[in-house]
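Trainee: What follows is a single structure, and I will ask about it in a moment.
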Amino acid sequence: MAEVAAGAGSNDSCTGHARVNPPTPPRPTGAEACEAAASACIPCGPVACEERLRVALGLPTADAATIATLGSTSEGCAAVERAIAHRALSDRLSSASALAAGIAHELNNPLAYVSANLSFLAERTTRVVEILSGAAPTPDDADLAVQLHEAMREARSGAERMRTVVRDLKTFARGDDERRVPVDLRPVLDSCVNVAWSEISRRARLARDLEAVAPVLGDEARLSHLFLNLLLNAAQAIPEGRPDDHELGIATRTLPDGRISVVIRDTGAGIAPEHLPRIFDPFFTTKAPGVGTGLGLSICHAVVAAIGGEIQVESAVGRGSTFRVLLAPADRPVEIAEPRTRPPEPGRARVLVVDDEPLVGTVLRRTLGDHDVTVVESARAALDRLSAGERYDVILSDLLMPGMSGMDLFHELSGRDPSHARRMVFLTGGAFTAAAREFLDRERVECLEKPFELEVLRAIVARHLAVS
């Protein structure tokens, strides 16, 4: 992702700015650019052709050899279109592979003590069963209760840590659709830092100074990619092995003109003067072949331009770089959902659990032991029961399942039995399809993300029982 190799350039220091200004028209798509470029090239000579093609592609500058290769034919433009798509995919895969080892580390550490504690619990609960069955306690059993409690506490702590990692990764998972909504930058930046931490921690101290700022209008996933790219770019400009000697800073401010400023700075190698004007050009990179695709900072440029923002960079070779993203505040505040939990109500609820994962049904039946719980492993089986006249106070359904999904079940019930459709609560490991996200936005149904807190689940069941 980082497009300028650490240490590249001369020993001269420099300071420069590269901006994306709101009035700048959006860059054309690849097809539009190629069509415009082809028509622009017909009547002109080689030099003028290169210049017109550069303008048509929306590039601040471009390598003459690269431009010349494009030619003026539709076949050449089609090749450029395919190359851009391929390089964009390569860039995303490169970023993913760079983070994979660090993410595995972040998951494997808590998984190690979660697994060990669960093994310990399995062994020691066998002893508990023996004692409850009449076996005489031994001196080794004196601290059994304390040991079991500590093992369970540590296992739960590890599970919570893994849930945090997965939640942060979900921020970056999205389809091709883009949604413009007010976005609170604080959780976005926190998640970016968490995902990039394996790269940052080996190279620098982190200085985090996130003041409260207004939300900005944009797409959360695209903003996350933007700031993750900039964080990785800053981290990778710093050599590994001496984190106490370097600092990576991230800060948010509200400027006098009302715009929101996000600053990411590093004390790394800096950018050479001759490279500074080109850092946002697609395919420009000073890294070794196979290391960088040359699209990371270009993608940042495009994301900021698309929402009418500005990105500035200042750099001094040997002293580091500062990237400043300036964004306009959203017209309306971020909607913060009110807590839906309430104290449990007395009584037994009739609960239908619909999930294709058998162990989810097992744990829900055990957890909701104070209620009458029926578990089925498909939406079709649930629909058959409901069509036969069975009544439930709440239906806990997985969102995405093979065959008939939870969404399909909801649509069927909305036509046949609207009262049961209103009692559906969706459990999901992540609405990772465009159809699922559109469904949740359109229907405004209640949704609980896996893994869920048992207290929240019990409170939801109690609330539905109170109004049934």
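Trainee: Estimate the FRET efficiency between E438 and E154 by the formula 1/(1 + (r/R0)^6), using the beta-carbon distance for r and 35 Å for R0, to the nearest 0.05.
Mentor: After rounding to 0.05, the efficiency reads 0.30.
Trainee: Still on this structure, please answer the following. Under a point spin-label approximation (7 Å from Cα along Cα-to-Cβ), what is the L144-T254 distance to one decimal in nm?
Mentor: It is 6.0 nm.
Trainee: Measuring from label point to label point, each 7 Å out along Cα→Cβ, what is the D209 to A112 span in nm?
Mentor: 3.6 nm
Trainee: Mind checking Rg over Rh on the stretch 355-423, alpha carbons, Kirkwood formula for Rh?
Mentor: In the stretch 355-423, Rg relative to Rh is 0.94.
Trainee: What net charge do the residues around G369 carry, taking every other residue with its C-beta under 13 Å from that of G369, with Lys and Arg at +1 and Asp and Glu at -1?
Mentor: +2
Trainee: Here's a follow-up. Name the long-range amide H neighbours of V183: under 5 Å, sequence gap of 5 or more, or other chain; modelled H, no Pro or chain starts.
Mentor: V216, L217, G218
Trainee: Ordered by residue, what ³J(HN,Hα) values in Hz, to whole numbers, does the stretch 311-321 give under the Karplus form 6.51 cos²θ - 1.76 cosθ + 1.60, where θ = phi - 60° and Gly and Pro are x?
Mentor: Once θ is set to phi - 60°, the couplings for the stretch 311-321 become 10, 10, 9, 10, 8, 9, 4, x, 10, x, 9 Hz.
Just so you know, all these numbers are worked out from the coordinates, no wet-lab data involved. This structure is a prediction, so every number in the text was calculated from the model and none was measured. Note that each Cβ is placed from the backbone with ideal geometry, even for glycine, and that neighbours are counted across all protein chains shown.
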